[in-house]
Every structure is written in structure tokens, then in C-alpha cells.
């Protein structure tokens, strides 16, 4: 291969590098108690990263027909602070009823696309799975527009390839579009990035998953 | 290659006679008669059962009609798998017609994907085609097609139009003349035991030494139990001459002979059937040929591994 062709870094990730990046990611998660774990598939060397979050949301996001169960939940969540970001509706916000949702995130490797993929599922505390519409309405307004325009094509319900259960998935088709600039920049600065940290920092927040800044500074690329 | 084109037609027009019965759990105003239908193997349950829905909704109250779902002997049927795969996996060794139970309540949220409209099926179908092309051609062929070409693939499936579909699909079946086949073969192997829904791995149709790899080679690597009961006996194959290179085995085309060529012991009973579109292809069949001719319209080779009947 000519030297000139080495200008751009591959946006693709082989499985071994995926696992190494995850290992380093998990080490940092352990350090800052960020809640990620590795789930191994019995009898194989395959696995995925997993994290569960409890997220408070405005109950208006959930379908009207489930209002009753929300009322019950709120009896247990009285101590959750109202969202006071919106100052003009400050008084309303304090009185607003909140619910708590359980989000479970899985980071898997896709052999077909040779990139990581984010799967997640969401449910109420009493175990009712959220519909696609409800999950959509829980995506922050700022991201909703971006989500519809790409570079990740769409949010759909999919069968989890290792567990066989319904999950939501951010479609991986255009990961290259946003990874490429990040990887090129890193190469230009002679830095090597941890693919998983970079990738998850971009896709995670869209679906309410935050990746603390310390990951970017503390987690190294695999050798 | 006239014979090969016939195979494409036979695959496309494969049908399964089914009998749909309403679950006794459903509340009806009158008794519900079963509904009989010939199901296309290559299509999807929710795409071809509008008539089934209408038939049963006639005897039910409007407010009871939420999303329809299907079940066979207690197992919810995944609409996003091709019909033929579901049948081969769950009911191939039982008497026809395939008796499927219809439900409208208690949607099994933890087992089935929702299917609220045909556009969900279309999105799923196109996503499979894209993934298959990512494996075969790094996505280059599908990405070079226009939106209307993608639409033609879907409409061909939806309206059961073989020629319309294949006019476009043939492009997805091409490969560079200097290569022996696709980059990787898009396939999924299903079995009913275990938590894992399917096995899908990277597999090249040609070995590094340039040998054409076969169905038997695929199984040996990913599901050796389909060939031999004892895993170690499969490893011995490394020292045996490759199939088709002069090895003399009596009754060469018999099941036993095939499996022996891939490492089974001579008198080992067959534990599994390896089924594609309701047939058991010879293990010596090149995997590239299977991918080009026995794939589903979604461009995946769906392989069902089921327990061999003990008759």
C-alpha cells in the first residue's frame, strides 16, 4: 500500500479491537462506578457491554391508558425533584408528576457491518415495556430532528441477535459518517482513540445515555 | 444454466398449506370457523394474512381487535422470519396443514416485535437486504441502486412478482469475475434449543487455498453436531481426502455417506436435519451456489437445524 493511501483511518472495527476497546472502557467504568458490565454468551467468546439506568421522565410521555400505574409509581417517587430547567414554567414543573423508567443498554459488535451497535430496551418500573412511540417522545427535542435526518438512519425495534428478545436499535448504516471526522482528527493530532469511547459518546446521549467526559481523557486506545 | 433458473422459480413459488384457528382465549360473538390459506414460503406472516384478520374480526367486537399475532403449539411465531423458515423450524415433520393459532390479546411483548403496518415489514426486509449486501459486496451494490430500485425489490415481494423482483435482485447476486464468489456469505442458522436465536458468522465461499467451500464445510465449522455426534470425530476430517477428490464411499449420495465424508463415524445415527426451503441439500453443495439460488428474497440463506425424526 502506498504511503499516500494511509491518510485516512478505517472507520471499521474488527472484533478483537472491539473487545479490547470494551475491556479498557469497562476498566474505567469500574473506577468511576459508572455501572457497565460485560455479559459473556455461555460457551462462546462472544459478549456485549451492558448498563441499566433509572431515568426520571415527565409522565405525559407515557400513554394515557397507563396513567393509573403511573399514579401508583409516583407514590414511591415523591422524593424525585421536579425538572426545573424550564424557568418560565417553573411553578408548573414543580407540580408535574414524574415517573421513573428503566433503560437497559447493550453494546454489541456487528460482524456484518464491522462496527459496534447500540441496542436498548425501556420499561416502566412495574415491567411494562415502552412502545416505539413512547421511546421516541423520550428522545430530547434537540436530537429528534437530527435522528430523523441521519447520520444514523433510524430508531427501530429489532430482535437482539444474541438474546432473541425485542430491543430498540439505532441503525448502524451510517456510523462511518460521524466516526470518520473524529478518527481523522485524532490521526491528524497523532492521537489514537478508543473507538468505543468516541462512538458511544456520540450515539449514547441521543437515547439518554451519557458518557462522562473522563472516558475521553482517561481511556486509552488498545495497543 | 436453465436448470438453475428453475430453482429460483421453485424457491419463489414454494407454498405451505396452513389452517388458522382463533385462540379459545379470544372473546367472540359467534363461533369462529378456521381459515385455510396457502402461505408463500418466502414472505412474512403479517404481509399475507390480511384475509385471516378480516375473517376473525367478523366474529369479534371491534374494541377487542388489537394487534394480531400467531402462535404454534405455544410458541409465538416471529413474523420477521420468513414463513418457510418458521415452518421448517417448528413444524416440518408434522402432518399438513400447518395448524397456526391466531391471537388478538395479550401480545407477547418479550417475544415478538410489533408490526403495526406494512412499512414496518418493508423496513425490516430492506434492512436484511442491506445487511446481506454489506457482507457480499461491502454494501456497494445496494448503495449504488436508486430508491426506486429498492422499492422494486419490495414491491416484487409484496405483490408476488418474480420477474419484477429478480430484474433487480440479479445485481445483488453478481460478483467480480476474478473472485470465486461473494466476499462473505449472508446466512443464518436456526435451531429450537438454546437461548440464542440464530448463528451468524463471517464465512467466505472460497478457502484461502482456493477451494470452493460447501454446506458441509460451513456446518463443520459452525454446527459440527449436525454432522457428527462426537465433536472430536469431526476433527479427524483434516486428514481425510476432500469430498469430490476421489474418495470412494459406497452410496455416495446417501445421507450417511455425505456425513462420513465430513467426519462422522460410519455407523453414527443422524441426529439433525439441515433444512433449507423444506429440503435437505447435499452437504457437498457449494455454499456460493446455495447463496445465489436458495437464498430468500432478503438475500439471506436461512438454514434450519432440526432434530431428525426418529422413525
Q: Within the range A:77-84, identify whether any single residue is within 19 Å of the chain's Cα centre (by Cα) and either in a strand (DSSP E or B) or at pLDDT below 50 (or both), and answer yes or no.
A: no
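Could you check the range B:282-295 and list, in sequence order, the residues that are in a loop (DSSP other than H, G, I, E, B) and surrounded by 20 or more Cβ atoms within 10 Å (Cβ to Cβ)? Walk me through it before giving the result.
Kept after step one, since they are in a loop (DSSP other than H, G, I, E, B), are these residues of the range B:282-295: B:282-285, B:294-295.
Across the range B:282-295, the qualifying residues are B:283, B:294, B:295.
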Q.
Just to check your reading of the model, which residue among A:118, A:163, A:200 is part of a loop (DSSP other than H, G, I, E, B) and either at pLDDT 90 or above or within 22 Å of residue A:40 (Cα to Cα) (or both)?
A. A:163
Q | Test set (1) under 27 Å from residue B:39 (Cα atoms); (2) surrounded by fewer than 14 Cβ atoms within 10 Å (Cβ to Cβ); (3) within 14 Å of another protein chain (Cβ to nearest Cβ) - residue B:147 fails condition number | A | (1)
Q.
I'd like the full set of residues that are under 18 Å from residue B:53 (Cβ atoms) and surrounded by fewer than 17 Cβ atoms within 10 Å (Cβ to Cβ), limited to the range B:72-98.
A. B:76
Q: Would you mention how many residues in the range A:99-114 are within 21 Å of residue A:40 (Cβ to Cβ) and in a strand (DSSP E or B)?
A: 7
Q. Based on what the data block shows, is residue B:28 at pLDDT 90 or above and surrounded by 13 or more Cβ atoms within 10 Å (Cβ to Cβ)?
A. no
Q: Select from the range B:176-199 the residues that are under 20 Å from residue B:218 (Cα atoms) and away from chain A (no Cβ under 14 Å) and list them in ascending order.
A: B:179, B:180, B:181
Q: Determine if the range A:202-223 includes at least one residue that is within 14 Å of another protein chain (Cβ to nearest Cβ), crowded, with 19+ Cβ neighbours inside 10 Å and more than 13 Å from the chain's Cα centre (by Cα).
A: no
Q: Among the residues of the range A:121-132, write down those that are without any contact (Cβ under 8 Å) to a residue 24 or more places away in the chain and not in a loop (DSSP other than H, G, I, E, B).
A: A:123
**Q.** In the range A:148-159, residue modelled with the highest pLDDT [restricted to those that are more than 8 Å from chain B (Cβ to nearest Cβ) and crowded, with 19+ Cβ neighbours inside 10 Å]
**A.** A:155
Q) Are any of the residues in the range B:73-87 assigned to a helix (DSSP H, G or I), within 14 Å of another protein chain (Cβ to nearest Cβ) and modelled with pLDDT of 95 or more? A) yes
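From B:138, B:105, which residue is surrounded by fewer than 22 Cβ atoms within 10 Å (Cβ to Cβ) and on the phi > 0 side of the Ramachandran plot?
Just one listed residue meets the conditions, B:138.
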Q: State all residues of the range B:104-117 that are in contact (Cβ under 8 Å) with a residue 24 or more places away in the chain and within 14 Å of chain A (Cβ to nearest Cβ); if no residue qualifies, say none.
A: B:106, B:107, B:108, B:111, B:112, B:113, B:114, B:115, B:116
Q) So which of B:101, B:27, B:66 is more than 14 Å from chain A (Cβ to nearest Cβ) and in a loop (DSSP other than H, G, I, E, B)? A) B:27
(Q) Could you list, ordered by first residue, the pairs with Cβ atoms under 8 Å in which the first is in the range B:280-296 and without any contact (Cβ under 8 Å) to a residue 60 or more places away in the chain and the second is buried (at least 20 other Cβ atoms within 10 Å of the Cβ), at least 6 apart or interchain? (A) B:280/B:274
**Q.** Members of the range B:198-219 found to be closer than 24 Å to residue A:164 by Cα and either in contact (Cβ under 8 Å) with a residue 24 or more places away in the chain or out of contact with any strand residue (DSSP E or B) (no Cβ under 6 Å at 6 or more places or on another chain) (or both), listed by number
**A.** B:199, B:201, B:202, B:203, B:218, B:219
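To keep it simple, each residue is scored yes or no on (1) in contact with a strand residue (DSSP E or B) (Cβ under 7 Å, 6 or more places away or on another chain); (2) assigned to a helix (DSSP H, G or I); (3) more than 13 Å from chain A (Cβ to nearest Cβ); (4) touching a residue at least 24 places away in the same chain (Cβ under 8 Å).
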{"site": "B:43", "(1), (2), (3), (4)": "no, no, yes, yes"}
{"site": "B:129", "(1), (2), (3), (4)": "no, yes, no, yes"}
{"site": "B:141", "(1), (2), (3), (4)": "no, yes, yes, yes"}
{"site": "B:154", "(1), (2), (3), (4)": "no, yes, yes, yes"}
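The values are calculated or read from the model by the stated rules, or taken from the named source; none is laboratory data. What you see is a predicted model, and the numbers here were worked out from it, not measured in a lab. Cβ sites come from the backbone with ideal geometry, for glycine too, and all protein chains shown count toward neighbours.
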